[in-house]
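Beneath this line is the structure, given in structure tokens, with notes to follow.
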Amino acid sequence: MNTWMLPFVLRFGLIALVAGGVLLYGFSKFQTPHSKAVSTETLNPITTYHPSKPQFYKDVSLNGVELIESPYPLGKFGGTLYQAAMGEGPKTLNPWASFDGTSSAISSMLTCQAVQSNNYTGQIMPWVAKSYSILPDKKHIRLTFRKRLKWSDGHPLTVDDLLFTWNVIIQKGLGNPSTRDILLVDGAFPTMQKIDAFTVEVATKRPYSPLLLNLGQAIAPKHIFEPILKKGGEDAFGAAWSTQEAEQHPERFVSCGAWVLDKYQSKERIIFKRNPHYFVVNQKTERLPYLEREVITFAKDMSYIQLLFEQGALHTHSGTPQNLGRLQRLKSPKFKLIDLGPADGTTFMAFNLNTRKDPNGVPIVDAKLLHWFQNRAFRQALNVAVNRPQMVENVLKGLGTPLLTSMGLNSIYLNESMKNQAPYDLKKAKQLLKDSGFRLNAKHELYDDRGNRVAFTVVTNSGNSDRESALVQLQHDYNALGIKLSLQPVEFNTLVDRMKTGRWEAMVMGLSGGSNLEPHQGANVFKSNAALHLFNQRPMESLSARASDLYPFEARVDKLYDLGTTEFDFAKRKPYYDEIQNILYNESPMVYLFTGKVLVAVRSDLQNVDVTPLGGALHNIESLWIQE
């Protein structure tokens, strides 16, 4: 993932599809680690992240307006921050209707939240809400809003906006229903009611531990979206704030974040300007941000982003194994290269286990493929046949870690039995297949018990060289089993569309959004009624109904996620998520491959930068300024 995306995907509060995190080039041969030539050249050092003293914002008041004061040193106003993002840009600027990481990250730059996590400690802190309290029964949470805040168009920002967001957009599942998926408590959505002009109370049927973090959803402007819904219904809501509208009428987009949309050029760039009504100020009670604009350029490949950084046209850049050497030798512009440790994102291969039919009665997945994919031993064989250490060396040049689970390696909820293990066992894989009736012919081609040659296609998003390279090694590893793997890279937005229809056989993909702080964030992928339940995706219109065609392991995972939300005590809660990780590994509907390291290059003229693993390079965007 590009480092500029980190704070926005985390604050959006969901695991999301990501197109970024790409490498500069792939590989054609498989090699073991080799010694490197000794060089006397002076290289830019990699600074290992060391936790800095947490910074805490504080409440201030100016002429009756309840604001937030930044803890960072005073800076200078003006200047433009330049960033780059992989791909063609967002599919939408409607954060409540986004299904991919790029759209979520960019559209979230126009939003704010009632609460959000501290980017140093992970603790939940008030934001638009001035305070929150958990009532003694642990089934009620009260939020008290700041007074006299405004949207970028000058309209009051109040609890009515939060009520509209919660009770209309999220509860009805408008746009992307993933948020609703992770908030249902025993099938019921939490109620939110207005106590007074500045206070709301959220109630659940029983104690529900993920609720507090998930109160940090993007707040929607009621005065903008309520008329759209009344006039055009749900379809109009989903179509609102489209990229076409952004290109033609950027003035229609209102914001409560640090930025306001200034200009959008399709597949080229997006330009934001500072929001004069943003509610964060400096120690002189001057409205922030310091920066006048932020420009994000869309790039088709990492080599172009690397070139822009080398030319001084970007302020931050994601370090990758492939561009690390060039970054370490780069003399200008001046910058720091920081290692933040393991990423929270995952790269995996998923099987399509969907047994349903499309509206025309045609099976979504071919019966021959389902015969293999529904066989647990087949999935397990393909899991242990992956040489993950070699993949990390070849794809990530050693700057990563083999991965067996969906949980981040830094998560306090990680099942320790899966940490830093890579059970590559080709002999076991062959035996699993043999015991399930698969046979090799004289040409070393694998056939099933019905006489079908085992061959299938794996799709991924084009231009993402790490995934394309991972596919090449999977092809190599599975060839050792006699399996023919065809590779099919497609444009990312095309891949997202195919995921919605289920028209794919297997895919190599990445998810991010992080479950380091709240493991229930994974529910929007692994619960059977989730909008991103990739390996057995149900139609959007049937997600709210109880499914009768689940695999037994899906039903058990559903139950464990529900049980995990009843506990606030960590020691009692963690075993549920340990078992979920065990089930997903043993059933292997998704074969996890690796996670990389987060390397961040930050130009030295960008001031007040305080990079953290949770927030990335730009979490305090309002306090950043450029030194001339």
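The values are calculated or read from the model by the stated rules, or taken from the named source; none is laboratory data. It should be emphasised that the depicted structure is a prediction, and the values quoted were computed from it without experimental measurement. Backbone-built Cβ (ideal geometry, glycine too); neighbour counts: all protein chains shown. Surface areas here come from the heavy atoms of the whole protein model, side chains and all, with no ligands, DNA or RNA. Shrake-Rupley method; radii C 1.70, N 1.55, O 1.52, S 1.80 Å.
Select from the stretch 284-307 the residues that are part of a helix (DSSP H, G or I) and not β-branched (V, I, T) and write down the one among them that is farthest from the chain's Cα centre (by Cα).
Step by step, filter the stretch 284-307, then rank; the result is L307.
Could we say that L327 is within 30 Å of G398 (Cβ to Cβ) and in contact with a strand residue (DSSP E or B) (Cβ under 6 Å, 6 or more places away or on another chain) here?
Details: within 30 Å of G398 (Cβ to Cβ): yes; in contact with a strand residue (DSSP E or B) (Cβ under 6 Å, 6 or more places away or on another chain): yes.
Yes.
Of all residues in the stretch 328-358, which are over 26 Å from the mean Cα position of the chain (by Cα) and touching a residue at least 24 places away in the same chain (Cβ under 8 Å)?
Q328, R329, L330, P333, K334, F335, T355, R356, D358
Could you tell me which residue of the stretch 124-151 is modelled with the lowest pLDDT, considering only residues that are basic (K, R) and either in contact with an Asp or Glu (Cβ under 8 Å, 6 or more places away or on another chain) or in a loop (DSSP other than H, G, I, E, B) (or both)?
Here the answer is K138.
Among the strands (runs of 3 or more DSSP E) lying completely within the stretch 445-555, list those that include at least 1 residues that are farther than 28 Å from P90 by Cβ and in contact (Cβ under 8 Å) with a residue 60 or more places away in the chain. Give the derivation first.
Numbers: elements: 455-461, 484-490, 506-512.
The strands (runs of 3 or more DSSP E) meeting that bar are 455-461.
Looking at the stretch 177-186, is at least one residue surrounded by fewer than 20 Cβ atoms within 10 Å (Cβ to Cβ) and assigned to a helix (DSSP H, G or I)?
Taking every residue of the stretch 177-186 in turn, none turns out to be surrounded by fewer than 20 Cβ atoms within 10 Å (Cβ to Cβ) and assigned to a helix (DSSP H, G or I).
Can you tell me which residue among A377, A350 is in a helix (DSSP H, G or I) and closer than 30 Å to L593 by Cα?
A377
Can you tell me how many residues in the stretch 39-91 are under 30 Å from G325 (Cβ atoms), in a loop (DSSP other than H, G, I, E, B) and not hydroxyl-bearing (S, T, Y)? It would help to see each step written out before you state the result.
Residues of the stretch 39-91 under 30 Å from G325 (Cβ atoms): 39-52, 80-89.
From what is left, the residues that are in a loop (DSSP other than H, G, I, E, B) are 39-45, 49-52, 87-89.
Subset that is not hydroxyl-bearing (S, T, Y): 41, 43-45, 50-51, 87-89.
Qualifying residue count for the region: 9.
Looking for whichever is more than 27 Å from the chain's Cα centre (by Cα) and either open to solvent by 10 Å² or more (accessible area, probe 1.4 Å) or free of Cβ contacts under 8 Å to residues at least 40 places away in the same chain (or both) here; the options are E234, E310. Which one fits?
On inspection, the qualifying residue turns out to be E310.
Could you say whether any residue in the stretch 228-242 is β-branched (V, I, T), under 30 Å from S61 (Cβ atoms) and at pLDDT 95 or above?
Scanning the stretch 228-242, I find no residue that is β-branched (V, I, T), under 30 Å from S61 (Cβ atoms) and at pLDDT 95 or above, so the answer is no.
Restrict the check to the stretch 295-303 and report whether at least one residue is under 22 Å from T80 (Cβ atoms), open to solvent by less than 10 Å² (accessible area, probe 1.4 Å) and out of contact with any Phe, Trp or Tyr (no Cβ under 6 Å at 6 or more places or on another chain).
So the first thing to find is which residues in the stretch 295-303 are under 22 Å from T80 (Cβ atoms), and the list is 295-299.
Filter once more, so that each one left must be open to solvent by less than 10 Å² (accessible area, probe 1.4 Å): 296, 299.
Pick out the ones that are also out of contact with any Phe, Trp or Tyr (no Cβ under 6 Å at 6 or more places or on another chain) and you get 296, 299.
Taking every residue of the stretch 295-303 in turn, at least one turns out to be under 22 Å from T80 (Cβ atoms), open to solvent by less than 10 Å² (accessible area, probe 1.4 Å) and out of contact with any Phe, Trp or Tyr (no Cβ under 6 Å at 6 or more places or on another chain).
For the stretch 486-510, which positions are open to solvent by less than 10 Å² (accessible area, probe 1.4 Å) and at negative phi?
L495, V496, A506, M507, V508, M509, G510
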